[in-house]
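One structure is given below, encoded as structure tokens.
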Amino acid sequence: MFLSRIVLRDLDSIDSPTSMASSKKMVTRDVWERKLRDVKIRKEDMNRLVMNFLVTEGYVDAADKFRVESGTQPDIDLATITDRMEVKRAVQSGNVQEAIEKINDLNPTILDTNPQLYFHLQQQKLIELIRAGKINEALEFAQEELAPRGEENQAFLEEIEKTVALLVFEDVKNCPYGELLDVSQRLKTASEVNAAILTSQSHEKDPKLPSLLKMLIWTQNQLDEKAAYPRINNFSTAALEDPSI
Amino acid sequence: MPATASGGARPEKAMPAPSASTSCMGTRPEELTARLASAGAGGGEVERERVRALREIKNQIIGNRTKKLLYLRLGAVPAVVAALAEPGASTAALVQAAAAAGSFACGVDDGARAVLDAGAAGHLTRLLAHPDEKDRQIKTKLILVLLELMEEPGHVGDEAPLALTTLIKDSLELQKQALTTNAVEKLSNHLLANSLETRRAVTILFALSELCSKLEESRSQLMSVQVSTLILDALKHDCEDIRVAACSCLKNISRSPKVAALGVICNIAVNLTPRKSVLLHSGVVSQLVHLSKSMDPTLRLKSVWALRNIMFLSSPKDKDFIMKELTLSTLSSLICDSEHFVQEQTLALVHNLVDGYLDSTNYVIGEDGMVIDAISRQLNNASAPGVCIQGMFVLANIAAGNELNKEAVINVLVPRLKPSFVVKFLQSKDKQLRVATLWCILNLIYPKCESASSRVVRLQSAGVILQVRNMINDPCLDCKVLRVRMVLEHCLDNSDDCFM
């Protein structure tokens, strides 16, 4: 990503005004790799990025081991991570009530001051009841807990309708809004909980690595307009793929 | 009904609220409320049950406005608040009760009122005095709750900061707790984001004042540029309540002996010209005067510096006020302070004192000339250049006054029984000193009159006139200009070619 920035600069100075945008500069792999080698990155910076990721996502043991091996200091007290992770784990396993009780033990003001989060947790609770086939309970719950949320805040009505609609269908998994029953929905709620707890502890809720990846993708997209170069298409392998002409 | 629902009639009576962790005691609000109202603190299982009930209520109401209103109607609040005062209550019960009470007050006006009506403030205050480590959690949570309450519209939000003030009053321990919750920052931010014209602004200012009464760290947090500007605005506000509250803030800040706070007051004073009168009567001046007598030379320096800035462009009435607090004898001692940087600042203060108003020179030459004697002493003692420069500026300003003033100054420059330091100053490498001295001399020989001529004679006999003549090639432009003025003053009808 740093390299593609450098190339963009080079291109700007080389291209004469008369050559139109349709001509793309070609960068061979040799040249690209050489330029890559010239870019210096500090190990400490890398370590801090990794630590920041582990700590924000809540991998306590990994963070601790990493701290011992690399000497990098975590930017949160690792002890506070355990509580947060228990809440996250509860949501991810579908034990929403447990999660709510744990959050309230951790900090009773979080749910009182995050109506959207509270609503999503209750929505998740309803989803879990539907998933478990406990339709009676689900109906009661929808009436007693979800409907009031809609009364308190109209913005939630659409989501409530979607969720309650699940009760109407026999084959819940394949109905419209069936994606609410996916594990991904649990993960979404868990992530929201994680962010709220981090914010209440005055910590940034997002790790920095994803932002860096976004920058990389953006930079490549920009460079695509001006050059053909070895591109990273697979972000898990980060392999350079030769430019096609 | 969908086919997946269990068919047949369902009983009409109420069913337990669905909960993954339904406890055997039941979770209906009516039941819980009744249970809590009848239970007192006990031992073992009884207490555990009480804790469970409180916790269940807490978990039902947090985030849930509808449930809060329901419990309110059921009259649960008095029982919850009473749990805070239950003698022999376990820490667990207190924690749950506090969290529940806090939640009732959050986001629901009636809830907040009910909590306060039930006497929560008193119980909370007592709890906060509790030295128990575990109770520190409660204290911090309570402070957090009050800070949240401050965001609520209406009466609740207006009074929350006052409740906070009461809670932390005179308690270093609690102010430390408040630090950990970023209370100063939150209160300041709210103040900055909203109009000063409100009751809430007044209560917040008082809360800030109390928060900063004992802790240096809180005070430095308060003195950010934006907040200090805001407090200054509050000092001149039309509404008296706001002015009073702002003064209270300022008074607590200026209580600090630390150098940093002084530096800030100093800087405030520089920017203050239209609002000075308000600052003056906030008690800052007497604090600064007190600090100017400190054992610590840095404190003396900074306090004198602040006074210097306050003195700048002050009205005669304000100068009078300051000098009454400072006193001439203190001023004289400061001029002869052991540290030259204090001497210099003091003389700069005197410079600002005599600047602009004729009567102010009385401070310097009045009272048997206490102050001017001190200045003379310093000028004669081969003091640091900065001191001499400031001293000469003072004398130059005085020499711009009436005959009495000029005579007083010439007696310093050319004393009857001592050699004069003037020539030495005119030969100084420091151009500022040369300029200041030339100014002084010019003021002594202008305007032309008999007394002026006799002063010229005195200067001449001290070799001053000769020295000025020799400064024809002085590299400093200001010196050249002053010298030319003196030539013009005296060349016209003076047959003496002493200047040519």
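Taking each residue as 0.36 nm, the span from B:Glu45 to B:Glu185 lengthens on full extension beyond its C-alpha to C-alpha distance by 46.1 nm. Only helices enter the 222 nm calculation for the protein assembly as shown: every DSSP H run of n ≥ 4 contributes -39,500 (n - 2.57), and dividing by all residues gives -20500 deg cm²/dmol, rounded to 500. Remark: mean inter-chain Cβ contacts per residue of A:110-120 equal 4, using a 10 Å Cβ-Cβ cutoff to other protein chain atoms.
Within 10 Å of the Cβ of each residue in A:95-108, the mean number of Cβ atoms contributed by other protein chains is 5. With the simple model of a label 7 Å out from the Cα in the direction of the Cβ, B:Cys449 to B:Asn362 spans 2.0 nm.
Checked against a 19 Å cut-off, the cross-linked pairs B:Lys317/B:Lys406; B:Lys58/B:Lys139; B:Lys251/B:Lys317; B:Lys141/B:Lys169; A:Lys35/A:Lys226; B:Lys319/B:Lys406 give Cα-Cα distances beyond that limit for B:Lys317/B:Lys406; B:Lys251/B:Lys317; B:Lys319/B:Lys406. In this structure, the residue pairs whose Cα-Cα separation is over 21 Å, taken from B:Lys293/B:Lys431; A:Lys88/B:Lys186; B:Lys186/B:Lys214, are B:Lys293/B:Lys431; A:Lys88/B:Lys186. Across peptide A:144-150, the mean count of Cβ atoms from other chains lying within 10 Å of each residue's own Cβ comes to 3.
The spacing between region B:193-210 and region A:183-219, judged by their C-alpha centroids, is 36 Å. Counting every other Cβ atom within 10 Å of each residue's Cβ, A:Lys205, B:Lys418, B:Lys319 order from fewest to most as B:Lys418, A:Lys205, B:Lys319.
Using the Kirkwood formula over every pair of different C-alpha atoms, what hydrodynamic radius in Å results for region A:138-234?
17.5
Among the GluC sites (Glu not before Pro) found in region A:122-207, those both in a DSSP coil and sparsely packed, with 16 or fewer other Cβ atoms within 10 Å of their Cβ, are A:Glu170, A:Glu204. Among A:Trp32, A:Trp218, B:Trp305, the order by Cβ neighbours within 10 angstrom, fewest to most, reads A:Trp218, A:Trp32, B:Trp305.
Highest mean first, the peptides B:398-404, B:49-55 sorted by other C-beta atoms within 10 Å per residue fall in the order B:49-55, B:398-404. The fraction of all Cα pairs in region A:105-183 landing in successive 5 Å bins from 0 to the largest distance is 3, 16, 27, 23, 17, 10, 3, 1, given as whole percents.
Local charge for A:Leu157 was computed over the other residues whose Cβ lies under 15 Å away, with Lys and Arg +1 and Asp and Glu -1, and equals -4. A:Leu78 label point, 7 Å along Cα→Cβ, cut-off 16 Å on backbone N: hits in region A:20-60? So the set is A:48, A:50-60. Please work out the FRET efficiency for the pair A:Ala132 and A:Glu161, using the Cβ-Cβ distance as r and a Förster radius of 22 Å; give the result to the nearest 0.05. After rounding, the FRET efficiency stands at 0.55. Among B:Val284, B:Val354, a tally of other beta-carbon atoms within 10 Å of each Cβ gives an order, fewest to most, of B:Val284, B:Val354. Name the shape class, rounded, prolate or oblate, that the alpha-carbon gyration tensor gives for the protein assembly as shown, where a ≥ b ≥ c are the square roots of its eigenvalues, rounded holds for a/c under 1.5, and otherwise prolate holds if a/b is larger than b/c and oblate otherwise. In terms of gyration-tensor shape, oblate. Distance between the modelled labels on B:Leu74 and B:Arg28, one decimal in nanometres: 0.9 nm (7 Å Cα→Cβ projection).
Is the C-alpha gyration tensor of region B:277-424 telling us rounded, prolate or oblate? Criteria: a/c under 1.5 is rounded; beyond that, a/b larger than b/c is prolate, otherwise oblate. The shape class here is oblate. What the phi angles of region B:465-477 give under the Karplus curve with 6.51, -1.76 and 1.60, with θ = phi - 60°, is a coupling list of 4, 4, 4, 4, 4, 6, 8, 4, 10, 4, x, 7, 4 Hz, glycine and proline written as x. For the residues A:Ala90, A:Ala190, A:Ala147, a GNM of chain A with alpha-carbon springs under 10 Å puts the largest fluctuation on A:Ala147. Charge dipole of the protein assembly as shown (Cα centre as origin; +1 on each Lys and Arg Cβ, -1 on each Asp and Glu Cβ, all else neutral): 1980 debye, rounded to the nearest 20. Quotient of the Cα radius of gyration of region B:140-252 and 2.2 N^0.38 Å, N being its number of residues: 0.94. A crude spin-label estimate for the pair A:Gln154 and A:Asp45, with each label 7 Å from Cα along the Cβ direction, gives 5.0 nm. In summary, the lysines within cross-link reach of A:Lys162, defined as a Cα separation below 22 angstrom excluding same-chain residues under 8 places away, comprise A:Lys125, A:Lys134, A:Lys173, A:Lys188.
Since every read-out is calculated from the coordinates, none of them should be taken as a lab result. Worth saying up front: this structure is predicted, and the values here are computed from it rather than measured. Please note: Cβ atoms are built from the backbone with ideal geometry, for glycine as well, and neighbour counts cover all protein chains shown.
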